[in-house]
Amino acid sequence: MKFAVKAWSNGKARAGILQLGSCPHNIETPALLLTTRKGLPVYIPPDHLPSLPSPDSNLLHFSPLHFLEGISLKAISNIGGLHPLLGLHDHIMVAVPRDSIISIPDHDSTNRIGASFETPCGRMLFKPADYMEMISTMRPNLWATLADEVPAWASEKRNKVSVERTLKWLDECITSNSTDGAVLGSVVGGSRVEQRRSCAQEVARRNVEGFWIGGFGLGESMEERNPLLNAVMDSLPEEKPRLISGLGLPEEVLQGVAAGVDLFDSTYIYHLTLGGFALTFPLESIEKQVTKHQSNSNSGCDGTKINLKATMYRKDTSPIVDNCKCFTCQNHTKAYINHLLNVHEMLAHILLEMHNTHHFLGFFHSIREAIHEGKFEQFRQKFIGSRHEHLFSAALSV
């Protein structure tokens with residue numbers, strides 16, 4: 001793996017290039033990892049993956065814990081790993097134990113032996129050796145070491161213990177590693193700045209190709225997050241990539257980029273799609289206003305998305321977003337998706353996930369452009385400001 005920072009903007013925000021031998025194209029960062037279930041997006045069929053922007057859509061996040069049910073590790077190993085199993089040879093597979101949908105860390109049951117997770121098979125404890133067996137079988141391009149994540153309300157003592165365990169497991173994972181995949185050292189520390197800084201400094205001393213920043217999105221506010229992010233980023237070398245989990249909302253992504261994060265593992269698109277929402281915020285210019293947004297509270301519109309289950313879209317023959325190049329907007333209307341949602345057709349979620357993925361990848365493209373132009377902070381403030389203005393206008397109209 002090779003990584004190089006190509007541009008900086010407003011201090012820590014940075015754009016770079018990620019190169020991996022298995023992927024024929026370079027990945028520009030900041031970039032989004034698509035959420036998957038067993039290596040494939042939850043609703044998008046494999047034959048429609050080429051319709052997504054490439055190579056931006058080639059980064060796929062998965063949790064090895066997804067494979068506790070179904071095909072055995074031995075069968076995956078005999079096939080040659082996940083890439084040949086799924087037929088996605090040009091995609092980059094990124095393994096992270098945590099998955100905010102079905103593989104959730106359980107800090108109360110985690111102990112010195114291993115990390116505990118709530119999984120589809122129930123609550124399970126994973127030792128570093130168990131985890132490394134999964135990694136060596138699945139052969140991801142990048143993988144994060146096992147970590148003891150704790151929520152924001154954990155005590156000082158529990159935070160300290162989580163850092164000690166994570167560093168111990170990091171050393172065990174590195175020692176037993178027999179794969180060609182790039183290792184991302186896990187950084188934790190909960191809501192304690194000193195523990196975050198200490199963990200980041202220790203992980204930076206290890207022989208890792210990059211860093212996975214865990215423990216976010218577990219109860220902390222955006223205001224509490226800034227000093228924690230700064231403590232971590234200031235302790236990590238600039239020449240290695242940083243992946244974070246738990247930041248999904250557009251405002252949270254912008255907060256992470258401002259702190260110096262390169263890769264984002266987010267379940268935002270999944271949750272939007274499941275709820276029947278479609279992203280609609282402008283991409284070409286943050287100054288541009290979306291003329292078709294409705295203030296009506298029944299529309300489910302908050303300046304970034306609309307609720308296509310709403311009755312007002314029943315006869316709307318326009319695409320979700322005018323001039324959008326995604327498969328959904330090029331071929332279908334709001335009225336059709338509203339119908340599919342109301343009759344509980346799975347096709348509704350397929351079409352919505354395709355649009356939302358295309359749109360959110362476009363958001364990351366706009367972020368990279370703003371960084372290269374040296375205008376990231378202006379981009380960020382305009383985006384947040386336009387959202388606040390919309391919410392204020394909507395409140396006045398109620």
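Which condition does residue 159 not pass, out of (1) of a type outside the set (A, V, I, L, M, F, W, C); (2) in a helix (DSSP H, G or I); (3) under 20 Å from the mean Cα position of the chain (by Cα), if it passes all the others?
Answer for residue 159: the failing condition is (3).
Look at residue 47 and say whether it is free of Cβ contacts under 8 Å to residues at least 12 places away in the same chain and either open to solvent by less than 40 Å² (accessible area, probe 1.4 Å) or not basic (Lys, Arg) (or both).
Yes; evaluated as a whole, the condition is true for this residue.
Would a scan of the range 21-32 turn up a residue that is modelled with pLDDT of 90 or more, assigned to a loop (DSSP other than H, G, I, E, B), in contact with a Leu (Cβ under 8 Å, 6 or more places away or on another chain) and buried (at least 21 other Cβ atoms within 10 Å of the Cβ)?
The answer is yes, given that some residue of the range 21-32 is modelled with pLDDT of 90 or more, assigned to a loop (DSSP other than H, G, I, E, B), in contact with a Leu (Cβ under 8 Å, 6 or more places away or on another chain) and buried (at least 21 other Cβ atoms within 10 Å of the Cβ).
Might you let me know whether the range 140-150 holds any residue that is in contact (Cβ under 8 Å) with a residue 60 or more places away in the chain, in contact with a Ser or Thr (Cβ under 7 Å, 6 or more places away or on another chain) and in a strand (DSSP E or B)?
yes
Residue-by-condition table, conditions (1) at pLDDT 95 or above; (2) more than 22 Å from the chain's Cα centre (by Cα); (3) over 22 Å from residue 268 (Cα atoms):
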| position | (1), (2), (3) |
| --- | --- |
| 319 | yes, yes, no |
| 322 | no, yes, yes |
| 333 | yes, yes, yes |
| 336 | yes, yes, yes |
| 341 | yes, yes, no |
| 348 | yes, yes, no |
| 361 | yes, no, no |
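Looking only at residues that are among the hydroxyl-bearing types (Ser, Thr, Tyr) and modelled with pLDDT of 95 or more in the range 177-232, which one is farthest from residue 98 (Cα to Cα)?
Ranking the candidates gives 198 first.
Taking the conditions exactly as written (under 21 Å from residue 215 (Cα atoms), at pLDDT 95 or above and assigned to a loop (DSSP other than H, G, I, E, B)), does residue 170 satisfy them or not?
no
Say we look at the range 203-244 and pick out the residues that are touching a strand residue (DSSP E or B) at 6+ places or on another chain (Cβ under 9 Å) and in a helix (DSSP H, G or I); which of these is surrounded by the fewest Cβ atoms within 10 Å (Cβ to Cβ)?
Going through the qualifying residues, I end up with 204.
Tell me, please, whether a residue that is in a helix (DSSP H, G or I), in contact (Cβ under 8 Å) with a residue 60 or more places away in the chain, open to solvent by 20 Å² or more (accessible area, probe 1.4 Å) and more than 24 Å from residue 267 (Cβ to Cβ) can be found in the range 79-90.
No.
Which condition number does residue 185 fail, the rest of (1) open to solvent by less than 20 Å² (accessible area, probe 1.4 Å); (2) out of contact with any Phe, Trp or Tyr (no Cβ under 8 Å at 6 or more places or on another chain); (3) not in a loop (DSSP other than H, G, I, E, B) being met?
(2)
So which residues in the range 30-72 are in contact with a Cys (Cβ under 9 Å, 6 or more places away or on another chain) and among the charged types (D, E, K, R)?
Hit for the range 30-72 is 69, nothing else.
Here's the yes/no breakdown for (1) crowded, with 16+ Cβ neighbours inside 10 Å; (2) in contact (Cβ under 8 Å) with a residue 24 or more places away in the chain; (3) among the hydrophobic types (A, V, I, L, M, F, W, C); (4) farther than 30 Å from residue 376 by Cβ:
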position: 34; (1), (2), (3), (4): yes, yes, yes, no
position: 42; (1), (2), (3), (4): yes, yes, yes, yes
position: 53; (1), (2), (3), (4): no, yes, no, no
position: 69; (1), (2), (3), (4): no, yes, no, yes
position: 96; (1), (2), (3), (4): yes, yes, yes, no
position: 103; (1), (2), (3), (4): yes, yes, no, yes
position: 119; (1), (2), (3), (4): yes, yes, no, yes
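Any chance the range 156-165 includes a residue that's within 30 Å of residue 26 (Cα to Cα), among the β-branched types (Val, Ile, Thr) and open to solvent by 30 Å² or more (accessible area, probe 1.4 Å)?
No, the conditions are met nowhere in the range 156-165.
The values are calculated or read from the model by the stated rules, or taken from the named source; none is laboratory data. Worth saying up front: this structure is predicted, and the values here are computed from it rather than measured. Methodologically, a virtual Cβ is constructed for each residue, glycine included, from the backbone with ideal geometry; neighbour enumeration extends over all protein chains shown. Each accessible area value is taken on the protein alone, full model and side chains, heavy atoms only, with ligands, DNA and RNA left out. Shrake-Rupley method; radii C 1.70, N 1.55, O 1.52, S 1.80 Å.
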